[in-house]
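S.K.: Pasting a structure below so you can have a look.
The values are calculated or read from the model by the stated rules, or taken from the named source; none is laboratory data. Keep in mind that this is a model prediction, so the values were computed, not measured. Glycine gets a Cβ as well: all are built from the backbone with ideal geometry, and neighbour counts include every protein chain shown. Areas reflect the complete protein model, heavy atoms only, side chains present, ligands, DNA and RNA absent. Shrake-Rupley method; radii C 1.70, N 1.55, O 1.52, S 1.80 Å.
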Amino acid sequence: MSRNAKLILLLLVLVGAACAAFVLLRPAGEGTVARITLDGKLVEEIDLSAVTEPYTFTVEGPGGFTNTIEVEPGRIRVREAGCPDQVCVNQGYISDGTVPIVCLPNKLVIEITGGGDSLDAATG
Amino acid sequence: MTPPPAKGARRLTRLALLTAIALTIFLVEAQLPPLTAVPGIKLGLANIVTVYAMFTLGPGDALLILCARVFLGAVFSGQMMTLIYSAAGGLLSWCVLLLLRRLLTREQIWLCSPVAGVFHNLGQLLAAAGVMKTWAVLAYLPYLVPAGILAGLFTGLCAQFLMARLDKLGP
């Protein structure tokens, strides 16, 4: 193998390992506040630890689609979406800051501020 | 290294054929259920054609095939909104392939594709961050990078084997 190839292979392994280590070893977060933003503007802030009864509400984004958001004690998800791809619905519940729920067509982001420790929460 | 470029009808036919193959792979893959709950993780099998074209036909023709596939893929899958993300990822990985083409040989394509895969994911996330006006989407990067490396390794090996077989057929 040439020098270039070895260098690129080494870089790839390092970057891949760094990302995997980051995902696996990141510290558990305390965050419980869900921030819902539409088109970069904050529309709702919900403290999930203070929620006792599940409820749903609907938001309409600049894309003209609606997202029905379901809030439960400690977790949140998009229950229905008017967009064709349904990526946000398939993602299910999130309960920590590991990854946000993103609806690209509707420019909706639901993120939980704080950190998270496992992917299990995202896969719900 | 690269065979002399085909001209006229021969080139047009080859480009059209490769675009049709890439588009078919893309649309079939789009019908598969998502691999994981993290959005954006997929094999990206259509990139086999992009990588193959980059090393066999050259960067210009690879770009033509890529643009045609990305645009028609969005049209035929009925998701025009994904166009900006596919285009951002595709163009960034094309730029990276352009550079890698000078650094690596035809026998090391399997190594190019993972790098291109990582930059494809990076481009998509940057486009998403721009559209959504938030950096929150970059939280996906640590998941998408290893996934992009693995997916790229797979498509790169496919392109490598494909090229070894096609070289036997002659130009």
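S.K.: Out of the residues in segment B:105-152 that are under 25 Å from A:Gly63 (Cα atoms) and β-branched (Val, Ile, Thr), which is farthest from the chain's Cα centre (by Cα)?
M.R.: B:Thr134
S.K.: Name the residue, out of B:Leu12, B:Leu43, that is over 30 Å from A:Cys88 (Cβ atoms), of a type in the set (A, V, I, L, M, F, W, C) and modelled with pLDDT under 95.
M.R.: Result of the check over B:Leu12, B:Leu43: B:Leu12.
S.K.: Right, next: What are the residues in segment B:19-48 that are part of a helix (DSSP H, G or I) and in contact (Cβ under 8 Å) with a residue 60 or more places away in the chain, if any?
M.R.: Correct list: B:Asn47, B:Ile48.
S.K.: Tally time: how many residues in segment A:43-57 are under 8 Å from A:Val33 (Cβ atoms) and surrounded by 12 or more Cβ atoms within 10 Å (Cβ to Cβ)?
M.R.: So the answer is 2.
S.K.: Looking at segment B:135-163, which of its residues are touching a residue at least 24 places away in the same chain (Cβ under 8 Å), buried (at least 21 other Cβ atoms within 10 Å of the Cβ) and either more than 7 Å from chain A (Cβ to nearest Cβ) or of a type in the set (A, V, I, L, M) (or both)?
M.R.: B:Leu144, B:Val145, B:Ala147, B:Gly148, B:Ile149, B:Ala151, B:Gly152, B:Thr155, B:Gly156, B:Ala159, B:Gln160
S.K.: Then there is this: Tell me yes or no: at least one residue of segment B:67-83 is more than 14 Å from chain A (Cβ to nearest Cβ) and open to solvent by less than 30 Å² (accessible area, probe 1.4 Å).
M.R.: Yes, the conditions are met somewhere in segment B:67-83.
S.K.: Sticking with this one: Which residues, counting only those in segment B:27-51, are away from chain A (no Cβ under 14 Å) and open to solvent by 30 Å² or more (accessible area, probe 1.4 Å)?
M.R.: Selection gives B:Leu27, B:Val28, B:Leu43, B:Leu45, B:Asn47.
S.K.: Report, by residue number, each residue of segment A:58-89 that is at pLDDT 85 or above and either among the polar types (S, T, N, Q) or open to solvent by 50 Å² or more (accessible area, probe 1.4 Å) (or both).
M.R.: Correct list: A:Thr58, A:Glu60, A:Thr66, A:Asn67, A:Thr68, A:Pro73, A:Arg75, A:Arg77, A:Arg79, A:Glu80.
S.K.: Look through segment B:102-134, keep the residues that are over 19 Å from A:Asn106 (Cβ atoms) and of a type in the set (Lys, Arg), and return whichever of them is farthest from the other protein chains (Cβ to nearest Cβ).
M.R.: The residue in question is B:Arg106.
S.K.: Please indicate, with yes or no, whether at least one residue in segment B:59-68 is in a loop (DSSP other than H, G, I, E, B) and over 22 Å from B:Ile109 (Cα atoms).
M.R.: So far as segment B:59-68 goes, no, none of its residues is in a loop (DSSP other than H, G, I, E, B) and over 22 Å from B:Ile109 (Cα atoms).
S.K.: I'm trying to understand the selection: among the residues of segment B:110-134, which are in contact with a Ser or Thr (Cβ under 7 Å, 6 or more places away or on another chain) and open to solvent by 50 Å² or more (accessible area, probe 1.4 Å)?
M.R.: B:Phe119
S.K.: Also, I was wondering about something else. Taking B:Met81 and the conditions (1) over 23 Å from B:Leu166 (Cβ atoms); (2) in contact (Cβ under 8 Å) with a residue 24 or more places away in the chain; (3) assigned to a helix (DSSP H, G or I), which numbered condition does it fall short on, given that it satisfies the others?
M.R.: The one condition B:Met81 does not meet is (2).
S.K.: Follow-up. Failed condition for B:Glu107, given (1) open to solvent by 10 Å² or more (accessible area, probe 1.4 Å); (2) farther than 20 Å from B:Thr56 by Cα; (3) out of contact with any helix residue (DSSP H, G or I) (no Cβ under 6 Å at 6 or more places or on another chain), with all others met?
M.R.: (2)
S.K.: Is at least one residue of segment A:7-28 within 30 Å of A:Gly61 (Cα to Cα) and open to solvent by less than 50 Å² (accessible area, probe 1.4 Å)?
M.R.: No, segment A:7-28 contains no residue that is within 30 Å of A:Gly61 (Cα to Cα) and open to solvent by less than 50 Å² (accessible area, probe 1.4 Å).
S.K.: Now a separate question. In segment A:90-115, which residue that is surrounded by fewer than 21 Cβ atoms within 10 Å (Cβ to Cβ) and facing chain B (nearest Cβ under 7 Å) is nearest to B:Leu83 (Cα to Cα)?
M.R.: A:Asn90
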